[in-house]
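Notes follow the structure.
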Ligand SMILES: NC(=O)c1ccc[n+]([C@@H]2O[C@H](COP(=O)([O-])OP(=O)(O)OC[C@H]3O[C@@H](n4cnc5c(N)ncnc54)[C@H](O)[C@@H]3O)[C@@H](O)[C@H]2O)c1
């Protein structure tokens with residue numbers, strides 16, 4: 001998949017899955033912009049990419065704030081002249097039963113996972129329309145299908161799928177595609193923090209009996225962002241070892 005010399009911004013790429021996506025795109029020759037709310041994290045990841053011979057710029061910004069988002073995209077376009085790829089990866093979770101879930105838990109999760117994504121899409125699309133080219137990839141979750149103790153997270157990730165479909169319909173004529181990835185269990189620090197017993201129980205439910213890697217998600221993003229994927233839009237791909245095939 002060709003992303004060489006494309007300018008790509010990955011939100012929340014100061015750690016975890018976003019970091020893996022940024023490193024994969026950089027390895028494939030893209031010029032990557034590392035965004036996160038945490039400035040130490042963006043400097044570290046951008047530094048590591050540059051040390052490995054890639055091109056990376058660090059921009060700390062809070063994607064829930066329109067002024068931050070506007071100034072971030074302005075900086076990208078001032079530096080590179082364009083923005084080809086937007087990967088909306090930043091996300092948070094506050095899983096609790098409906099009984100315990102507070103208004104604040106709802107607002108925080110919906111603000112980052114959905115409003116922040118909307119703001120980045122809105123501002124990026126203004127530049128992408130001008131170029132007649134763009135690739136937007138939004139990170140949802142298998143949990144958009146529903147999850148016990150995840151009503152806020154699940155609603156936000158379902159919103160991501162709906163937002164993506166609307167973007168595909170609205171922006172397609174301007175050479176912009178929008179697609180979604182819904183990861184399942186992924187080997188991140190969150191996974192490693194679970195007890196062996198809980199991990200064993202979760203793996204039992206996986207048709208593949210495996211947990212996915214960050215690289216599995218990065219490969220999916222690479223497919224959607226490549227020049228060759230121009231005829232693929234509005235789609236959601238589950239990368240979850242087949243776990244999306246049944247509920248519960
Ligand atoms: N880890 C999994 O198993 C898994 C499964 C399904 C979906 N996902 C989704 O994948 C994405 C990445 O997850 P992860 O596990 O790598 O999480 P992570 O916590 O390691 O990374 C998320 C990053 O987003 C940043 N962030 C939070 N709020 C922000 C804001 N307002 N502005 C900018 N950056 C902000 C955080 O600082 C953090 O570095 C999330 O959208 C998550 O919902 C993860």
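What follows draws every value from the coordinates through simple rules; no lab data is involved. The shown structure was predicted, so the numbers you read here are calculated from the model rather than taken from an experiment. Cβ atoms come from the backbone with ideal geometry, glycine included; neighbour counts cover every protein chain shown.
Here are some notes:
- Subset tally (residues that are near the ligand (Cβ under 7 Å from one of its atoms) and either under 14 Å from residue 121 (Cα atoms) or part of a loop (DSSP other than H, G, I, E, B) (or both)) for the range 183-194: 3
- Meets criteria (closer than 19 Å to residue 75 by Cα, free of Cβ contacts under 8 Å to residues at least 40 places away in the same chain and either away from the ligand (no atom under 12 Å from the Cβ) or out of contact with any strand residue (DSSP E or B) (no Cβ under 9 Å at 6 or more places or on another chain) (or both)) for residue 130: yes
- Number of the condition not met by residue 56 [criteria: (1) within 16 Å of the chain's Cα centre (by Cα); (2) closer than 17 Å to residue 84 by Cβ]: (1)
- Of the residues making up the range 137-159, those that are touching a helix residue (DSSP H, G or I) at 6+ places or on another chain (Cβ under 9 Å) and in a loop (DSSP other than H, G, I, E, B) are 140, 141, 146, 147, 150.
Each row is one residue, and each column tells you yes or no for (1) assigned to a helix (DSSP H, G or I); (2) within 16 Å of the ligand (Cβ to nearest atom); (3) farther than 22 Å from residue 7 by Cβ; (4) touching a residue at least 40 places away in the same chain (Cβ under 8 Å).
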{"position": "161", "(1), (2), (3), (4)": "yes, yes, yes, yes"}
{"position": "167", "(1), (2), (3), (4)": "yes, no, no, yes"}
{"position": "181", "(1), (2), (3), (4)": "no, yes, no, yes"}
{"position": "197", "(1), (2), (3), (4)": "yes, no, yes, no"}
{"position": "200", "(1), (2), (3), (4)": "yes, no, yes, no"}
{"position": "208", "(1), (2), (3), (4)": "no, yes, yes, no"}
{"position": "215", "(1), (2), (3), (4)": "yes, yes, yes, yes"}
{"position": "224", "(1), (2), (3), (4)": "yes, yes, no, yes"}
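- You will find that of 31, 115, 75, 24, the residue that is within 19 Å of the chain's Cα centre (by Cα), over 26 Å from residue 153 (Cβ atoms) and in contact (Cβ under 8 Å) with a residue 12 or more places away in the chain is 31 and no other.
- Scope the range 88-105; condition assigned to a helix (DSSP H, G or I) and either within 14 Å of the ligand (Cβ to nearest atom) or buried (at least 16 other Cβ atoms within 10 Å of the Cβ) (or both); matching residues: 105
- Residue that is surrounded by the most Cβ atoms within 10 Å (Cβ to Cβ) [pool: residues in the range 211-236 that are more than 23 Å from residue 189 (Cβ to Cβ) and touching a strand residue (DSSP E or B) at 6+ places or on another chain (Cβ under 6 Å)]: 225
- Qualifying positions in the range 36-74 - assigned to a helix (DSSP H, G or I) and over 15 Å from residue 15 (Cβ atoms): 50, 51, 66, 67, 68, 69, 70, 71, 72, 73, 74
- Subset tally (residues that are near the ligand (Cβ under 7 Å from one of its atoms) and either part of a loop (DSSP other than H, G, I, E, B) or surrounded by 22 or more Cβ atoms within 10 Å (Cβ to Cβ) (or both)) for the range 1-35: 7
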